[in-house]
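Asks: Got a structure for you, questions after.
Each reported figure results from applying straightforward, stated rules to the coordinates on display, with no laboratory input. Since the model is a prediction, treat every value here as computed from it, not as a measurement.
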């Protein structure tokens, strides 16, 4: 079991899940991915179709991932109904600059953890008034 000392916390932040700006559905199952020309045993063109939905950034020469490959490649992302989301996070920043990050599949669990830590550690909420 991990324990936190109250006087070492600098900041506690909650970030809700949101749709990824980078990873998107690029190729649907059954769509043509590419064509390959073969000279042997006879000249012909092989068509390669997607066996699963594929996700990527859409850049030239981008690597495409299946749902399970993307979630394994980068644990910050999850795919729900063919939409890529960045997971909800609760971050604890300590006075020495170190950080501890908790990732959650849904916002409710992240809010519960945030509230639990805020109440347990007797922290006060402040508003960030940053004009973007």
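Asks: Please report the equivalent ellipsoid semi-axes of the range 29-99, computed as sqrt(5 x eigenvalue) of the Cα gyration tensor, largest first, in whole Å.
Replies: Rounded to whole Å, the semi-axes are 40, 14, 8.
Asks: Right, next: For helix 107-120, report the angle its Cα long axis makes with the longest principal axis of the Cα atoms of the chain; keep it between 0 and 90° and round to the nearest 10°.
Replies: That helix lies at roughly 20 degrees to the long axis.
Asks: Further question: For the chain, what does the convex hull of the Cα positions come to per residue, in cubic angstrom?
Replies: Values: hull volume 23.7 nm³, N = 132.
In the chain, the Cα hull volume divided by residue count equals 180 Å³.
Asks: Also, quick follow-up: Could you work out the Kirkwood radius for the range 81-132, taking every pair of different alpha carbons, averaging 1/r and inverting it, reported in Å?
Replies: 13.0 Å
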